[in-house]
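Accompanying notes for the structure given below.
The values are calculated or read from the model by the stated rules, or taken from the named source; none is laboratory data. All of these numbers come straight from a predicted model, not from anything done at the bench. Here the Cβ positions follow ideal geometry from the backbone for every residue, glycine too, while neighbour counts run over all protein chains shown. Ligands, DNA and RNA are stripped out before the accessible areas are found, and what is left, the full protein with its side chains, is counted by its heavy atoms. Shrake-Rupley method; radii C 1.70, N 1.55, O 1.52, S 1.80 Å.
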Amino acid sequence: MTANGRAGTARKQIHLAAHFPGVNNTTVWSDPESGSQIDFSSFVHLARTAERAKFDFLFLAEGLRLREHAGEIYDLDVVGRPDTFTVLSALAAVTDRIGLTGTINSTFNEPYEVARQFASLDHLTEGRAAWNVVTSWDAFTGENFRRGGFLPESRRYARAKEFLATATELFDSWRGDEIVADRTSGRFLRDAEAGAFVHRGEEFDIEGRFDVPRSPQGRPVIFQAGDSEEGREFAASSADAIFSRHGTLEEGKAFYADVKRRLARYGRTPGQLLILPSATFVVADTDEEAAERAQEVRRRQVSGATALRHLEFVWNRDLSGYDPDGPLPEVDPVVGEHTMARGRAQVRMYRDPVATAREWRELAEANKWSIRELVIHTGNRQSFVGSPATVARALDEFVQADAADGFILVPHLVPGGLDVFADTVVPLLQERGVFRTEYEGTTLREHLGLAHPDTLPGPSAPPR
């Protein structure tokens with residue numbers, strides 16, 4: 001039996017989602033075919049393309065503060081994004097079946113407010129809402145909020161766990177059968193205690209009435225994006241799906257097996273948590289043409305200025321005097337808590353900047369790479385490149401090998417970057433029998449093959 005709990009030779013069905021880019025340097029916003037990152041028509045186009053292709057869901061990331069570099073706004077990537085809930089609520093009116101997933105922060109929000117918003121979105125969409133639960137790790141982001149940077153990084157997952165547990169209590173404060181709305185007797189509720197909740201904890205001490213009746217999914221589908229030890233454990237205990245950034249088959253299989261193995265500690269089965277790596281792609285008529293186009297996309301994503309800024313994420317010193325087409329700096333990074341690149345996730349990726357610098361120098365020397373070439377080769381690379389047949393085969397191989405349950409696809413162009421994938425790759429996956437030709441259910445839980453929470457046993461705590 002595989003890590004996903006399958007017996008025999010049955011082929012896994014692939015889950016696909018569309019990521020609206022723009023909170024990272026994946027987007028090639030300077031391309032003539034690139035459109036607005038803010039105009040609602042861009043969101044509509046991508047959502048409808050994904051729905052036409054029968055994708056499981058559309059995903060919106062979120063940033064709670066503009067990123068800065070050396071005290072100035074970092075404007076080499078897209079800057080700014082409308083509010084997640086506002087966009088998803090608007091998309092609910094122009095889509096019918098695709099799930100709508102939003103990243104909402106657990107560090108600088110409150111459980112009651114977030115639970116109310118997601119329960120409302122689940123009603124508006126008739127059961128298509130999902131919540132990507134994230135934390136904020138830096139005081140820099142916290143400066144936008146009343147509490148500022150009060151929360152040490154070591155406590156962010158503790159707050160996130162209690163935040164999600166509290167929100168779940170609010171969702172579950174309605175069973176779903178309380179409303180009778182009997183016009184004859186004039187009785188609206190059969191249970192006078194509907195929505196009543198009490199939560200006493202270290203992070204939250206609240207008591208009252210939750211005012212949104214139980215939604216079609218009971219609770220939104222829960223996503224989690226952390227790759228740390230704490231993040232993996234959080235996902236195993238509480239999430240329905242976890243994002244992954246492992247790009248190779250072997251790395252993906254190791255991550256997949258590790259996270260699935262943790263589920264038993266919480267009384268859960270492998271099928272109750274999906275592993276969905278984010279993936280970029282370049283599709284063309286032939287493999288050769290796709291490879292050439294992928295190289296051009298990477299060069300557009302990494303200008304000379306971008307390459308120097310990326311190197312400064314690690315070196316934490318001003319490198320503006322260096323030639324991006326020249327060799328790497330011989331000086332070592334400046335190590336310390338204060339970083340030039342405030343609010344950048346990449347800073348957390350390089351826990352040992354001196355060791356990273358040493359590794360990069362060795363790579364650059366061995367391959368005769370300039371600064372820009374190094375960043376092009378070590379940064380965000382296209383995950384799947386080739387003809388439609390090549391890409392479809394590679395996606396299928398990943399999933400059948402238990403390196404993933406599906407993928408969250410990140411196009412490099414907005415709004416039309418998903419079109420070629422939907423029109424050429426999806427039909428081949430359908431021919432292989434590994435992707436739906438029509439939606440079989442109406443809710444996101446049904447798209448993902450996840451049971452309704454009312455049919456599951458209560459969560460169990462891990463052994464002490």
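General observations
- Within the chain, helices built from complete DSSP H runs that reach 15 Å or longer along their own axis (Cα positions) and carry a mean Kyte-Doolittle hydropathy of -0.5 or higher are 40-52, 111-124, 156-171, 304-315, 388-400.
- Couplings 3J(HN,Hα) of region 269-284, computed from phi: 9, x, x, 8, 9, 9, 9, 10, x, 7, 8, 9, 7, 9, 10, 9 Hz, in residue order, whole Hz [Karplus 6.51 cos²θ - 1.76 cosθ + 1.60, θ = phi - 60°; x for Gly and Pro].
- Relative to the current alpha-carbon distance between Arg187 and Ala139, full extension at 0.36 nm per residue lengthens the span by 12.3 nm.
- Normalised contact order of the chain, rounded percent, pairs of Cα under 8 Å and 6 or more residues apart: 23
- Listed residues Asp96, Asp211 arranged by accessible area, highest first, probe 1.4 Å: Asp96, Asp211
- Net charge dipole size for the chain [Lys, Arg +1 and Asp, Glu -1 on Cβ; Debye, nearest 20]: 980
- Whole-percent carbon and sulfur share, accessible surface of region 189-274, 1.4 Å: 49
- Overall, the accessible surface of region 303-378 at a probe of 1.4 angstrom is composed of carbon and sulfur to the extent of 47 percent.
- When the GluC sites (Glu not before Pro) in region 122-201 are filtered for DSSP coil states and for at most 12 other beta-carbon atoms within 10 Å of their beta-carbon, the remaining sites are Glu143, Glu193.
- Selection from Thr27, Met340, Leu60 lying farthest towards where the dipole of the chain points positive, charges on Cβ: Leu60
- Long-range amide H partners of Thr107 with built H, under 5 Å: Ser136
- The chain: C-alpha gyration tensor shape, a/c 1.5 cut-off, then a/b vs b/c: prolate
- In a simple Cβ point-charge model (Lys, Arg +1; Asp, Glu -1; nothing else charged), region 303-378 has a dipole of about 320 debye relative to its Cα centre.
- Cα-based shape type of region 223-264, given that a ≥ b ≥ c are square roots of the gyration tensor eigenvalues and the cut on a/c is 1.5: prolate
- Share of carbon and sulfur in the accessible heavy-atom surface of region 18-97 [1.4 Å probe, %]: 51
- Accessible heavy-atom area order of Lys368, Lys253, highest first, probe of 1.4 Å: Lys368, Lys253
- Solvent-accessible area per residue, Å², over region 303-378 with all protein chains present [probe radius 1.4 Å]: 53
- Descending by average beta-carbon neighbour count within 10 Å, the peptides 180-192, 257-269, 218-230 line up as 218-230, 257-269, 180-192, the highest first.
- Å² per residue, accessible surface of region 188-236 at 1.4 Å: 47
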